[in-house]
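Accompanying notes for the structure given below.
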Amino acid sequence: MLNKKLYITIGVLIVVVGVFAFMNRELVKDKGYSLENAEVIIREGEMERVLGYEEIKALGESDFSAVLDTSTTDPEEHTYTGVPLKRVIEEAGISLDGKGKVVVRAIDGYTVALRVDEVLDEDNVYLAYGMDGRPLKSKSQGGSGPYQIIVRKDQFSQRWCKFVVEIEVI
Ligand SMILES: Nc1nc2c(c(=O)[nH]1)N[C@H]1C(S)=C(S)[C@@H](COP(=O)(O)O)O[C@H]1N2
Ligand SMILES: [Mo]
């Protein structure tokens with residue numbers, strides 16, 4: 001009888017250890033977070049192109065500072081890594097000549113509109129994928145990425161669209 005209880009206890013412990021090992025494996029995977037499957041859709045009318053992380057990064061990555069100022073936090077300066085949004089649009093084969101707006105949509109339905117002249121500005125609107133030397137994590141991992149629009153010249157950060165999935169030129 002005593003032996004039976006002992007075996008049951010050992011059995012339960014083995015299952016518990018197994019479950020923790022499995023959970024830990026998931027955590028280890030999170031630490032090795034990578035951007036390799038992070039894609040963005042760029043569209044104009046019927047035309048659409050999907051760009052992946054390697055293609056975006058190859059457009060001319062730079063590090064730049066920007067001040068994050070939200071309604072609940074004080075202004076904080078961060079170093080972001082990304083590429084100018086206009087490069088991404090050009091790479092998709094879309095011209096901004098004579099266009100009015102660039103509309104950016106996120107996974108949570110959040111949408112921002114940027115004027116074409118803002119997007120054409122050399123050092124203002126970026127598609128970022130890193131902050132302070134680390135990749136931007138996805139929404140489900142508690143981040144603001146994998147892609148986030150940074151508008152350096154916006155005084156407040158409400159147009160810094162997080163979790164970008166689609167960029168449309170209209
Ligand atoms: N996708 C998405 N992007 C977003 C928002 C949002 O709700 N969803 N909020 C905006 C606002 S109001 C601010 S201040 C900044 C920073 O938001 P945070 O408070 O989550 O840092 O993200 C902006 N971008
Ligand atoms: Mo905000």
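Things worth noting here:
- Comparison of SER71, SER62 shows that the only residue that is small (Gly, Ala, Ser), out of contact with any helix residue (DSSP H, G or I) (no Cβ under 9 Å at 6 or more places or on another chain) and within 16 Å of ligand 2 (Cβ to nearest atom) is SER71.
- Unique match (being part of a loop (DSSP other than H, G, I, E, B) and either within 16 Å of VAL165 (Cβ to Cβ) or in contact with a His (Cβ under 7 Å, 6 or more places away or on another chain) (or both)) among ASP108, ASP74, ASP97, ASP123: ASP108
- Criterion (within 10 Å of ligand 1 (Cβ to nearest atom) and surrounded by 20 or more Cβ atoms within 10 Å (Cβ to Cβ)) met by exactly one of VAL125, VAL164: VAL164
- Qualifying residue in segment 20-39 (condition: aromatic (Phe, Trp, Tyr) and open to solvent by 60 Å² or more (accessible area, probe 1.4 Å)): yes
- In segment 48-76, the residues that are within 28 Å of ALA92 (Cβ to Cβ) form Cβ pairs under 6 Å with partners that are of a type in the set (Gly, Ala, Ser) and more than 11 Å from ligand 1 (Cβ to nearest atom), at six or more places apart or across chains, as follows: ARG49/ALA92; TYR53/ALA38.
- The residues of segment 63-85 that are exposed (fewer than 12 other Cβ atoms within 10 Å of the Cβ), among the small types (Gly, Ala, Ser) and more than 12 Å from ligand 1 (Cβ to nearest atom) amount to a single one, SER65.
The values are calculated or read from the model by the stated rules, or taken from the named source; none is laboratory data. Model, not experiment: these values are computed from the prediction. Ideal geometry is used to build each Cβ from the backbone, glycine not excepted, and the neighbour counts take in all protein chains shown. In case anyone asks, the SASA skips ligands and DNA or RNA and just uses the protein heavy atoms, side chains included. Shrake-Rupley method; radii C 1.70, N 1.55, O 1.52, S 1.80 Å.
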